[in-house]
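Structure first, commentary second.
The values are calculated or read from the model by the stated rules, or taken from the named source; none is laboratory data. Being a predicted model, the structure only gives us computed values, none of them experimental. Quick reminder, even Gly has a Cβ in these numbers, built from the backbone with ideal geometry, and neighbours come from all protein chains shown. Calculation scope for accessible area: heavy atoms of the full protein, side chains included, ligands and nucleic acids excluded. Shrake-Rupley method; radii C 1.70, N 1.55, O 1.52, S 1.80 Å.
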Amino acid sequence: MQVISGRLTPMIKHLKFYLNIQFHINLVVVTSVLFLMVGNSIAAPYTPKDTSEVIATWKVFNATDKQMSLDDISNFIEQGQYPGEADYRYGRAKAWLQAKMANASPNAQTYYLYARVLQHQHQFDRAIKALERSIELKPTAINSWLLKANIHLVQGDIVGARQACLTLIGKADILLISTCALEVASQNGKLVESYQELSRLYQLYQPNNEPEKRWIVQILADMAFKQGMAEEALSYLNQLDMDNAPVSLLALWSDIELALNQHQQVYDTLSSIVSQNTLQDDALLLRLAIAEKSLGNTVKWQWSFAQRVKLREQRQDSLHAFDLAKYYLNVDIQPKKALYWANINWQVARQDNDRILLEQAKALLRKTKNDKKSVQVSRNLSVDHVVS
């Protein structure tokens, strides 16, 4: 699953969700969106050679942090969707929220924000429970219902996502509800129809603000890309400011450009972004490694990601299973490992991209086995010919 989970993280006011429901005005309703290792060896964790070497810097949790308001924490989490920010911000926000829940009676927003952190960490069942508590305290909490629908969708529970999204009727504007519904419908066998309808509605109703526009445009681009319309997908993303884009959007843009063989464009753009951040996002580093391999000039980023893969594998890090499978499909091509991690990913994430990844891994393994059989048959025929 791309968290990017994508394939894609939720935004507090503009979450992506999909569903398949019918209104009296023929709108299908409900949707949601919210975003490693070379060879076969397993490396030991990195150990600094010098005790003065700084690996990472973190602020100490102190009494002042406990006074953080929920709005402050919400804004802090929002910044976690941008390059180099996720690991630090989500972990810190979780500590703040746990402190608040331990020392006071949590309100609906507290549980909602806590669910967002749990969702990012792929603790989906716990996130659902937090959202149910949020909804119990505030049944009209739109964001909680949206996030709940999204998590159900990630888990492949279309019915649960539909039920959650139905509550949006009468609580949100028609474009938001329709986008939510059509994204869900697109992942329930209605991709072509959902894309056409959302394209029409996007032209008919203008988004209320820039974040909402970015959310809808990203969904449209993703739908177009899944249909093999890379140029059309890119035309949607060209409407956005990519100089200040979240990781999920940059990952989608990279996938589209790579499909169009624009490897140099991806390499130049991502190398600049990744180099600016001490903490490098797996999703971006992986796509940078793929672009670099296609160009064949250096192995700098491939090597960097390979070291990360070793650590992920040593820890059996299922949180990054999608990236590991994609790595073994596109960089260090190993069919068995690609299938192993694709299966691990499928156990927790069951959206279209997760299914496609699993199918690609299975196809690669079948091809490899068939190629070996062909070589063996060819050798046998050669031997028979010599003997005869």
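Asp371 passes all but one of (1) surrounded by 14 or more Cβ atoms within 10 Å (Cβ to Cβ); (2) acidic (Asp, Glu); (3) assigned to a helix (DSSP H, G or I); which number fails?
So Asp371 meets the others, but not (1).
Can you tell me how many residues within the range 298-356 are open to solvent by 20 Å² or more (accessible area, probe 1.4 Å), hydroxyl-bearing (Ser, Thr, Tyr) and under 30 Å from Ser272 (Cβ atoms)?
Final tally of qualifying residues: 2.
Hey, which of the helices (runs of 4 or more DSSP H) in the range 163-242, taking only ones fully inside, have at least 2 residues that are open to solvent by 50 Å² or more (accessible area, probe 1.4 Å)?
Values: elements: 174-186, 191-204, 210-226, 230-237.
Where helices (runs of 4 or more DSSP H) fall fully within the range 163-242 and carry at least 2 residues being open to solvent by 50 Å² or more (accessible area, probe 1.4 Å), they are 191-204, 210-226, 230-237.
Which of the residues spanning the range 258-289 are crowded, with 23+ Cβ neighbours inside 10 Å and in a helix (DSSP H, G or I)?
Going through the range 258-289, the residues crowded, with 23+ Cβ neighbours inside 10 Å turn out to be 266-267, 270, 281-284, 286-289.
If the condition is that a residue be crowded, with 23+ Cβ neighbours inside 10 Å and in a helix (DSSP H, G or I), then Val266, Tyr267, Leu270, Asp282, Ala283, Leu284, Leu286, Arg287, Leu288, Ala289 are the ones that fit.
Go through (1) out of contact with any helix residue (DSSP H, G or I) (no Cβ under 7 Å at 6 or more places or on another chain); (2) over 29 Å from Ile273 (Cβ atoms); (3) open to solvent by 60 Å² or more (accessible area, probe 1.4 Å) one by one and return the number of the condition Ser69 breaks.
(3)
Output yes when any residue across the range 86-93 is part of a helix (DSSP H, G or I), open to solvent by 70 Å² or more (accessible area, probe 1.4 Å) and at pLDDT below 95, and no when none is.
Pass one, the range 86-93, residues part of a helix (DSSP H, G or I): 86-93.
Subset that is open to solvent by 70 Å² or more (accessible area, probe 1.4 Å): 87.
Now restrict to residues that are at pLDDT below 95: 87.
Yes, the range 86-93 contains at least one residue that is part of a helix (DSSP H, G or I), open to solvent by 70 Å² or more (accessible area, probe 1.4 Å) and at pLDDT below 95.
I need the full set of residues from the range 315-344 which are at pLDDT 95 or above and more than 23 Å from Ala259 (Cβ to Cβ), in order please.
Correct list: Lys336, Lys337, Tyr340, Asn343, Ile344.
Conditions tested, residue by residue: (1) part of a helix (DSSP H, G or I); (2) within 21 Å of Lys226 (Cβ to Cβ).
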| residue | (1), (2) |
| --- | --- |
| Leu329 | yes, yes |
| Ile344 | yes, no |
| Arg350 | no, yes |
| Gln360 | yes, yes |
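Touching a Lys or Arg at 6+ places or on another chain (Cβ under 6 Å), open to solvent by less than 50 Å² (accessible area, probe 1.4 Å) and either under 20 Å from Leu249 (Cβ atoms) or in a helix (DSSP H, G or I) (or both): does that describe Tyr111? Break it down into steps so the answer makes sense when it comes.
Details: touching a Lys or Arg at 6+ places or on another chain (Cβ under 6 Å): yes; open to solvent by less than 50 Å² (accessible area, probe 1.4 Å): yes; either under 20 Å from Leu249 (Cβ atoms) or in a helix (DSSP H, G or I) (or both): yes.
Criteria met by Tyr111.
Between a first residue in the range 134-157 that is outside any helix (DSSP H, G or I) and a second residue that is crowded, with 24+ Cβ neighbours inside 10 Å, which pairs have beta carbons less than 6 Å apart while being 6 or more apart in sequence or on different chains?
Pairs found: Ala141/Ser134.
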